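The values are calculated or read from the model by the stated rules, or taken from the named source; none is laboratory data. This is a predicted model, so every value here is computed, not measured. Glycine gets a Cβ as well: all are built from the backbone with ideal geometry, and neighbour counts include every protein chain shown.
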Amino acid sequence: MSKLKKTLFRAIENSKSEIVDEEKRRGYSGYKMILNKELDDSADSLQKRVNIIKYLEEISGYEFLDTADFHDKMRRYFYGEETAGQRLKKARKEKHWDQEAMAAYLGTSKAMVSQMETNHRSLIPKALEFIEKVENS
């Protein structure tokens with residue numbers, strides 16, 4: 001490959017990377033608007049929210065099933081790792097427990113387990129121990 005072709009190839013690859021980075025930046029900006037509840041319940045804001053979600057599905061390659069699924073997948077897409085709540089849910093499912101069984105084990109309510117799994121509440125120490133125990137077994 002000639003030096004000119006290599007230079008052009010690199011320029012094309014760099015511009016593709018910049019496009020992806022720009023798409024991801026725009027997507028993250030939209031995600032933050034939803035996350036921070038910057039959009040009200042007016043028709044215009046609801047349409048904007050739908051457009052943001054469609055755009056995020058397009059750039060991420062995910063299909064969102066519900067609100068919790070949307071937030072889980074977006075955290076994975078933007079931050080590249082499982083959250084503590086996702087790890088708790090995965091460990092619970094590995095034991096074939098429902099949230100009520102998990103709540104009984106932890107000595108909390110089903111609602112609190114749900115909040116921990118969706119990262120709306122910090123994990124309690126016993127939940128962290130449970131994750132470690134399941135992941136190391």
- prompt: Counting residues that are at pLDDT below 85 and touching a helix residue (DSSP H, G or I) at 6+ places or on another chain (Cβ under 8 Å), which helices (runs of 4 or more DSSP H) fully inside the range 37-137 reach at least 1?
  reply: 43-60, 67-79, 84-94
Qualifying residue in the range 52-65 (condition: more than 13 Å from the chain's Cα centre (by Cα) and of a type in the set (Gly, Ala, Ser)): no
task: Return a yes/no flag: does the range 60-74 have any residue that is touching a residue at least 40 places away in the same chain (Cβ under 8 Å) and either loosely packed, with under 11 Cβ neighbours inside 10 Å or farther than 29 Å from GLU129 by Cβ (or both).
output: no
- request: Confirm whether THR118 is among the β-branched types (Val, Ile, Thr) and loosely packed, with under 13 Cβ neighbours inside 10 Å.
  value: no
query: Of the residues ALA103, ALA91, which single one is touching a residue at least 12 places away in the same chain (Cβ under 8 Å) and small (Gly, Ala, Ser)?
result: ALA91
